[in-house]
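Novice: Here's a structure for you.
The values are calculated or read from the model by the stated rules, or taken from the named source; none is laboratory data. As the structure is a computational prediction, the values presented were derived from the model and not from experiment. Cβ placement follows ideal geometry from the backbone for every residue including glycine, while neighbour counts extend to all protein chains displayed. The accessibility values were calculated without ligands, DNA or RNA, using every heavy atom of the protein model including side chains. Shrake-Rupley method; radii C 1.70, N 1.55, O 1.52, S 1.80 Å.
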Amino acid sequence: MRSTAATLALILGGCVSEAVLDRTGSVVPDAPKGAAAQRARLPAEHERILAAYHGVYDDPRLEALVKQTVDKLVAASERPDQSYHVTILNSPAINAFALPSGQLYATRGLIALANDTSELASVLSHEMAHVIAQHAAIREDRARQVTLVTRVFDSLGTDPEMSALALAKSKIALASFSRAQEFEADGIGVGIAARAGYDPYGAVRFLTAMERNAELRPARVQTDGHGPDFLSSHPATPERIRNAQSNARAFTAPGSGERDRADYLASIDGMVYGEDPSEGFARGRRFLHPRLGFTFVAPEGFTLDNTAQAILGVKEGGGQALRLDVVRIPPDEPLTRYLASGWIDGLDSDSVQDVGISGFEAATATAKNDQWAFRLFAIRLGSDVYRFVFASKAMTPEADRAFRESASSFRRMSAQESNAAKALHLKVITVAAGDTVEQLASRMVVNDHPLERFRVLNGLGPNDHPKPGDRVKTVVE
């Protein structure tokens, strides 16, 4: 929602990303060569990353834990002279990556999934390994050469499903480039963690948790057989788990090394979990944005994704997509004129008409190309104009009616809704005698797969059960 819409940006290629998309809306231009030029680019790249992942997550306890962990890893690494700075990103996505300068990034979603300091150390040491082996610099050069950029719905020649899935093919294009590097970084990272005194099997546990967590995500539309899946852009997780086990065995047997679970859980107790309501969030098909003060309901069967540029939606089974973004246009410009101004090709000028939506000034129109038909809306809310672009490969009367109903659901949030839009948090509790895994899971404020999510969140296998006195993570308001 922070950009006026037009592009989804260069793929960051996060190392442990679960289909996390680069959402900066920025294009990296051809740049001069040399170390000085590279250093000059880093602040801008840092700002793009912050924009893509909703800024920095401020938590002094968490920052202290991460800094202490990094300091131990640096001292045990092949390059103790290399300095690092870790930024915790305010995103529920599970992602971590590095810049050539030693800037490391980890999302709070990743930190929430880990269950002890050794698991976090496995991620951080993996990212440090990319810097030590200069993978990050090589990836940056490759990314600049490829410049994987697409326009979202601006050109009707663009496949809306491809846009809504945020450059899945581009992610595939980078996958073969990074596969060998990921395995190399795994090996270097396990060695760093082991020499720092951490349990080297933390990497095995965390990779297993990521694989199981990925299975809980809603099935999304595949584009030409390649959706933006973790396994598409990284070595298959079972391969990495086996590789991590082999690397760990080279240092020690299971059960040795520091895990530091108690301190880790104490550090993440109270951390925001899931979407940050201030940035907008989805509850099923309903999207709410308390800060901007609007809400709407997507058509039946749609899954919503809140990116930095826009709210994107894809219908299960394919064939339909939506995008909602915001632009500024002069307050005296009629919305019918704006729709016809050429910002989207293939417009049927005879279809442009004024409509009323929830008491707001609004206009609608249709457009099409060889493969897709579009229903467009522009809705003026205060000084902003919100643009709905609905797309369907077959614009049946039923599909058009569903699109119109969705746009008509756009309205201001009530004060009660705004007050009720609270962030979810992690709460670490002690398992009491008689508590079952089913009972503990039922107390979590999550809408999908609470039992499975409780197990994954706490590193419990399908047949594992917490014991009285164990400390476990739950999700509460």
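Novice: Being in contact with a Phe, Trp or Tyr (Cβ under 7 Å, 6 or more places away or on another chain) and at pLDDT 95 or above is the filter here; which residues of region 418-436 pass it?
Specialist: Initial filter on region 418-436 (in contact with a Phe, Trp or Tyr (Cβ under 7 Å, 6 or more places away or on another chain)): 424-426.
If the condition is that a residue be in contact with a Phe, Trp or Tyr (Cβ under 7 Å, 6 or more places away or on another chain) and at pLDDT 95 or above, then LEU426 is the only one that fits.
Novice: Please work out which residue is nearest to GLN68 (Cα to Cα), limiting yourself to region 238-278 and to residues that are assigned to a helix (DSSP H, G or I) and of a type in the set (Asp, Glu).
Specialist: By that ranking, first place goes to ASP263.
Novice: Output yes when any residue across region 433-455 is open to solvent by 20 Å² or more (accessible area, probe 1.4 Å), of a type in the set (A, V, I, L, M, F, W, C) and assigned to a helix (DSSP H, G or I), and no when none is.
Specialist: yes
Novice: Restricting region 239-278 to residues that are modelled with pLDDT under 85 and small (Gly, Ala, Ser), which is surrounded by the most Cβ atoms within 10 Å (Cβ to Cβ)?
Specialist: SER278
Novice: Can you name the number of the only condition in (1) open to solvent by less than 70 Å² (accessible area, probe 1.4 Å); (2) at pLDDT 95 or above; (3) within 19 Å of GLY202 (Cβ to Cβ) that GLY469 fails?
Specialist: (3)
Novice: Please go through region 175-213 and give me each residue that is modelled with pLDDT of 85 or more and under 30 Å from VAL314 (Cα atoms), ordered by number.
Specialist: Within region 175-213, PHE206, LEU207, THR208, ALA209, MET210, GLU211, ARG212, ASN213 meet the criteria.
Novice: Follow-up. Return yes or no: is ALA236 surrounded by fewer than 17 Cβ atoms within 10 Å (Cβ to Cβ), more than 30 Å from GLU63 (Cβ to Cβ), among the aliphatic types (A, V, I, L, M) and at pLDDT below 65?
Specialist: Against the criterion (surrounded by fewer than 17 Cβ atoms within 10 Å (Cβ to Cβ), more than 30 Å from GLU63 (Cβ to Cβ), among the aliphatic types (A, V, I, L, M) and at pLDDT below 65), ALA236 qualifies.
So that you can scan it fast, the table gives a plain yes or no per residue for (1) open to solvent by 30 Å² or more (accessible area, probe 1.4 Å); (2) over 30 Å from SER358 (Cβ atoms); (3) among the polar types (S, T, N, Q):
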position: ARG412; (1), (2), (3): yes, no, no
position: GLN416; (1), (2), (3): yes, no, yes
position: VAL431; (1), (2), (3): no, yes, no
position: LYS473; (1), (2), (3): no, yes, no
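Novice: Which one of these does LEU292 not meet: (1) at pLDDT below 85; (2) not in a strand (DSSP E or B)?
Specialist: All conditions pass for LEU292, except number (1).
Novice: Continuing with the same structure: Does ALA407 count as of a type in the set (Gly, Ala, Ser), modelled with pLDDT of 95 or more, closer than 17 Å to VAL326 by Cβ and not in a loop (DSSP other than H, G, I, E, B)? Lay out the reasoning, then the answer.
Specialist: Values: of a type in the set (Gly, Ala, Ser): yes; modelled with pLDDT of 95 or more: yes; closer than 17 Å to VAL326 by Cβ: yes; not in a loop (DSSP other than H, G, I, E, B): yes.
Judged against the criteria, ALA407 is a match.
Novice: Give all pairs with beta carbons closer than 9 Å in which a residue from region 235-257 that is over 16 Å from LEU207 (Cα atoms) meets a residue that is open to solvent by less than 50 Å² (accessible area, probe 1.4 Å) and at pLDDT below 90; count only pairs at least 6 apart in sequence or on separate chains.
Specialist: PHE251/GLY257
Novice: Moving on. Looking for whichever is in contact with a Lys or Arg (Cβ under 7 Å, 6 or more places away or on another chain) and either small (Gly, Ala, Ser) or open to solvent by 40 Å² or more (accessible area, probe 1.4 Å) (or both) here; the options are GLY346, GLY318, GLY313, GLY356. Which one fits?
Specialist: GLY346
Novice: Only residues that are open to solvent by 40 Å² or more (accessible area, probe 1.4 Å) and free of Cβ contacts under 8 Å to residues at least 24 places away in the same chain: list them for region 321-340, please.
Specialist: PRO330, ASP332, ARG337
Novice: Right, something else. Consider only pairs whose beta carbons are under 9 Å apart and that are at least six residues apart or on different chains; among these, list those whose first residue lies in region 82-97 and is within 13 Å of LEU113 (Cβ to Cβ) and whose second residue is open to solvent by 10 Å² or more (accessible area, probe 1.4 Å) and in a strand (DSSP E or B).
Specialist: From residues that are within 13 Å of LEU113 (Cβ to Cβ), the pairs are PRO92/VAL272; PRO92/TYR273.
Novice: Within region 295-312, can you find the residues that are within 16 Å of PRO92 (Cα to Cα) and in a loop (DSSP other than H, G, I, E, B)?
Specialist: THR307, ALA308
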